[in-house]
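The values are calculated or read from the model by the stated rules, or taken from the named source; none is laboratory data. All values reported here derive from a predicted model rather than from experimental measurement. Backbone-built Cβ (ideal geometry, glycine too); neighbour counts: all protein chains shown. In case anyone asks, the SASA skips ligands and DNA or RNA and just uses the protein heavy atoms, side chains included. Shrake-Rupley method; radii C 1.70, N 1.55, O 1.52, S 1.80 Å.
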Amino acid sequence: MTSRKIGGIIHTYQRYDPKELPSPLKPVPDVVSGAFAHMLFYGDMRELTDEELARAVRIDPSQIAGLGPSLEALKALLFERKQRILETYEAHTVQLEAARQYRSRGSQVSPPKRYRPAYYAALREEQLYDLERLWYRQADQHSPFARQLVALIDRLSDKYQVDELAAKYAFTGRQAMSIPKALEVKQELEAIDRLLKQLEEAAETAQIGVIDLDALSEYAQPGDMEKLGDLARQMEQYLRDLAERQGLERAGDGYRLTPKAYRLFQGRLLERIFSNLQASRTGRHTGPVTGEGAVEIQQTKPYEFGDSLATMDIPGSLVNAMVRSGAGLPIRMKPDDIEVHRTRNTPKCATAVLLDMSGSMRYDGLYVNVKRMGLALDGLIRREYPGDWLQFIEMFTFAKPRRPGEVVSLLPKPVTLSDPVVRWRIDMSDERVSERNLPPHFTNIQHALRLARQMLAVQDTPNRQIILITDGLPTAHFEEEQLFLLYPPDPRTEEATMREGHLCRREGITINIFLLPTWSQSREDIQFAYRLSEATAGRVFFTAGKDLDRYVVWDYLNRRREIVA
């Protein structure tokens, strides 16, 4: 008889490779946020190395549990080695020996008469810095006194390290150490401490790559090191695959951010912002506005003279006609039977965002929060209101329009003048004058408002606004072709800026000011923001830099609600 083949149960894992880390049930680690945070701070698009990418990613340590040697076991091994060293040696004897050798070497030095007071003071105070300065003062660095100083500095350096060893570690043994042995023990204990810290970090973040495997191999078993190396290579490959899926393209020895990563980062920003808004009991969706709009809603109303029949509710109108006249053909419909859908308007909003990139924005990293806000607002409009118009304007000594993709690379302008008082007037019509030759770190709000007003004027919507993000008073303005750079802030610059604000108000443009707090902000800065917003029927927001993106997006949504309502 032919033996029957025993059947069985085949388990099929769909879209999951058991060799791939981590489990698909866990949330996917965020790769792009760390990469974009680096780019926002430094303002460049340089490639990220494998190590920088690994440090930017946070993985749940439970996802790799059991896939390699126990990190706790490795830590216990290092603790045991450290404890054995501390229980073997004592440090008091070597401290006394280091101090004796230093004093003995110091008594053998014969300083010239002119250097004796400084030398004996440095010797008594045991100041390494003073002995080095004394050595630099020697005209001939090969003289007997200079060579003696070098030997004395070497003895004092040994004494410093021995004292540090005794103060840092609690020795409980009885075996005395020589000075070379003490320095060797100090080096080994510090290496063990570094490895323990790396293992703790790896246990918290699952970043196996932060462990110095070469140093750890001196203490761990070869089998454990092989498993740990395999796990590190596995994690490195997983991070590479994860980076490619989230829009980080492999280029040479690093990773390059792609538009896919840009959109993903914007989405994460909006998720964080909207979660904050929901926690504050604030909705992001505007209510429907009925009227002669383009978008139908489910509600209907009886037909009135002048309503468009394009929005007629045909099934509802036929039902009304049959209820009135009864069943039968033909169905005769009267004006009272007609139902039309209510509609809502979808107004367009035009916004110009003025980003202050003057020299003062470098304090406390304010410029990073400004750029993060720009990315969040651009992502909101692309996702929720694609018909809206958005323009970014970089504001410094001049004003320059910037595309959304350029916002990430903006940096505060370097301060090129250190004069406490600046009173410059430059004729920009002179062909010999170039923007590159002028200090860029001033704040020209007037020029930025003018550029925003000119760009908003051609937009086919009455709903136009300017979002001004700055930290204080303007210090530059234009009068015809004349550029004025005035610091401390001058009333002449404020008057020119206010005139531009009045022109914006005359053309129906609202100015909302987001005033960022800085160490140099004064009462005059706040009063100027109030005067400018009052002149244009706008508002002033006092926000912390880290919450700037939240407040700007929140205000934009509220502004749309006011426009629609």
Worksheet item: Where Lys and Arg each count +1 and Asp and Glu each count -1, what net charge lies around T443 among other residues with Cβ under 15 Å from its Cβ?
Response: -3
Fill in: Subset of K159/K197; K159/K181; K82/K181 violating a 18 Å alpha-carbon distance limit
K159/K197
Worksheet item: So how do 318-327, 400-409, 445-454 stack up, highest first, on mean other-Cβ count within 10 Å?
Response: 445-454, 400-409, 318-327
Discussion item. Classify segment 304-425 from the C-alpha gyration tensor, please: rounded if a/c falls under 1.5, else prolate or oblate depending on whether a/b exceeds b/c.
Written reply: prolate
Worksheet item: How high is the relative contact order of segment 98-164, given as a whole-number percent (alpha carbon pairs under 8 Å, six or more residues apart)?
Response: 45
Practice prompt. Note down the accessible area of E90, probe 1.4 Å, to the nearest 10 Å².
Written response: 30
Worksheet entry | Amide proton proximity set for W389, modelled H, under 5 Å, gap of 5+ | C349, A350, T351
Discussion item. With every atom except the alpha carbons ignored, what do you get for Rg and Dmax of segment 445-500, in angstroms?
Written reply: 12.6, 40
